[in-house]
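S.K.: Have a look at this one.
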Amino acid sequence: MKDIRRTILWVIFAFSLVMLWDQWQVHNGRKATFFPGAPTPATQASAPASAVPPAGALPGAVAAAVPGAATAAAPASAAPTAPAAPRERVEVSTDVLKLVFDTEGGSIVRSEFRKFDETGHPGQPFVLLDDSAARTYQAQSGLIGGAFPTHKTAMRFSGERTLADGANELVLRFESPEQGGVRLVKTYTLKRGDYVARVRHEVVNAGGEPVSPQLYVQLVRDGNPAPGGTSFYSTFTGPAFYTDAKKFQKVEFADIDKGKAEFVTQAPDGWVAMVQHYFASAWLLPPGMAHDNFARKLDNALYAAGMIAPMGAIAPGASQAVETRLFIGPQDEKVLEGIAPGLELVKDYGYFTILAKPLYWLLDKLHGVLGNWGWAIVALVVLLKIAFYWLNAKAYASMAKMKSINPRIQEMRERLKDSPQQMQQEMMRIYREEKVNPMGGCLPIMIQIPVFIALYWVLLSSVEMRGAPWILWIKDLSVKDPYFILPVVMTLSTLLQTALNPLPPDPMQAKMMWIMPLVFSVMFFLFPAGLVLYWVTNNILTIAQQWVINTRMGVPPQFNLPKF
């Protein structure tokens, strides 16, 4: 039996290699092997119509009936439309949003956020929905079940284009010509300070026969990763569905390609969203409205995710309306919680949600007191260190004992180097006599790992970090340190922390204890400054605590340097 610490070190080293390999897979455009997060970039080549998978979401006929691509032709079954107004792009502004509508279908084809700038471009509004040569991302809706108006139908616009001073809402209307005996009227209501558009879909039966249309709402997007990411850490980009029965379900673009997407296909509640780092869009139907969910790849390298809901029979001369909502905004957890059940889950913490949500709550409270997200991060790490003080004290006390008997262990290893079995027995005897547990320094630290991983995801996912300054040169906690000062401090503090630990008897272990911090430090040079700040704070507090505990136990701190 070898030294237990050697086993622990090799487990850590093996896990590190797994993480590095996983990120290398993402960096080379493939799906992550062990920790799937970022989607595989979609090809820009057009796919044949036969490649469109049903994705198990809808009966094939219904799925095919939904018009897909923004550039697709109208359904073959559609009747010729009456002459309509020329196609126009309508710009609409509120205090928080600037939206561009297309009178073809009354779709939203571009959105700008007035309170969020493009990363690295101060004063340039961040664009989420877009219809440009580089990106396609739109919110669309229409009718199926006949030759009815769709998001490809020309519509006539009326209403105001700017939220007036002192006004609380802005109303705009898109009305289609009669098509298949039906007119579709979309009325958007935008409110001051709100990222949710109320969208009323009114169907007017202008024909002589009853009709039974189905309303579809969908988000259409290319499959490319969101701009501003890095290969050293990945966040999810793609569709997501929520139902009360199955909760939050993410759908990878790659799974849609393969026809293996798994999500609830029919539900009486929930919503559909398109998620990326910091921002999201989502269609929400009225509570209790039964619908089908779908996700499919279109024939021009785009993906559509949406819902289809029956509107019931509409008699001649009658009308029927469905009040839907469309969210286009930042992943502000407090705001999302008030919009719809489960919508805050688009801010994805992964497997550590149960720990991450209370950590975010505490971080938000600290920010309310301190008024600075950087200092809130520092304060949160301090509170976590206090909460885990007794665990850390046990770990460092065990390390201090190990350090005190280290000369005795070294002498014994030298004396019995030719008799490994006897060496191991003698080592166990020394541990028993000195009442030292070789695992005592590791277990308390391992217990804390899930908490600090959860905090990592809180800081990585919180849109509040975007554009938030700390001090001096740190103007944005969501991007890397421009002068790499924090990563250098983190590297030095990690090496100092390693030097204060007992030197492993095995020379190979001692070298690995120094090489691993250097390897991880390289990645932190490209991490957001907020994450590095949290790690630096943790390192400094750990060193201080270790120094105090060692001194109290009569084991003077000393620097243990390996012999390379």
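The values are calculated or read from the model by the stated rules, or taken from the named source; none is laboratory data. Predicted model only: the values in this text are computed from it and were never measured. Methodologically, a virtual Cβ is constructed for each residue, glycine included, from the backbone with ideal geometry; neighbour enumeration extends over all protein chains shown. Each accessible area value is taken on the protein alone, full model and side chains, heavy atoms only, with ligands, DNA and RNA left out. Shrake-Rupley method; radii C 1.70, N 1.55, O 1.52, S 1.80 Å.
S.K.: Given the criterion of a type in the set (Gly, Ala, Ser), in contact (Cβ under 8 Å) with a residue 40 or more places away in the chain and under 29 Å from residue 115 (Cβ atoms), identify the matching residue among 301, 273, 309, 295.
M.R.: 273
S.K.: Name the residue that is nearest to residue 280 (Cα to Cα), counting only residues in the range 461-488 that are part of a loop (DSSP other than H, G, I, E, B) and small (Gly, Ala, Ser).
M.R.: 462
S.K.: With the structure loaded, tell me whether residue 237 is at pLDDT below 95 and touching a helix residue (DSSP H, G or I) at 6+ places or on another chain (Cβ under 9 Å) or whether it fails that test.
M.R.: So residue 237 passes the test.
S.K.: From the residues in the range 256-299 that are touching a His at 6+ places or on another chain (Cβ under 8 Å) and part of a strand (DSSP E or B), which one is surrounded by the most Cβ atoms within 10 Å (Cβ to Cβ)?
M.R.: Applying the filter and picking the extreme gives 267.
S.K.: Please report, ordered by residue number, the strands (runs of 3 or more DSSP E) entirely within the range 73-141 with at least 2 residues that are at pLDDT 95 or above and of a type in the set (Val, Ile, Thr).
M.R.: Here the list reads 89-93, 107-118.
S.K.: Here is a follow-up. Please state which of the following conditions residue 167 fails to meet, knowing it meets all the rest: (1) hydrophobic (A, V, I, L, M, F, W, C); (2) farther than 22 Å from residue 302 by Cα; (3) surrounded by 19 or more Cβ atoms within 10 Å (Cβ to Cβ).
M.R.: Going through the list (1) hydrophobic (A, V, I, L, M, F, W, C); (2) farther than 22 Å from residue 302 by Cα; (3) surrounded by 19 or more Cβ atoms within 10 Å (Cβ to Cβ), residue 167 breaks only (3).
S.K.: Filtering the range 327-339 down to residues that are among the aliphatic types (A, V, I, L, M) and buried (at least 20 other Cβ atoms within 10 Å of the Cβ), which residue is modelled with the lowest pLDDT?
M.R.: 336
S.K.: Checking residue 225 against (1) open to solvent by less than 50 Å² (accessible area, probe 1.4 Å); (2) under 15 Å from the mean Cα position of the chain (by Cα); (3) not charged (D, E, K, R), only one condition comes out false. Which one?
M.R.: (1)
S.K.: Pairs, please: C-beta under 6 Å, at least 6 apart or cross-chain, first residue of a type in the set (Gly, Ala, Ser) and in the range 378-400, second buried (at least 18 other Cβ atoms within 10 Å of the Cβ) and at pLDDT 80 or above?
M.R.: 379/366
S.K.: Of everything in the range 154-198, what is touching a residue at least 40 places away in the same chain (Cβ under 8 Å), acidic (Asp, Glu) and closer than 24 Å to residue 215 by Cα? Give them in sequence order.
M.R.: 178, the sole residue that qualifies.
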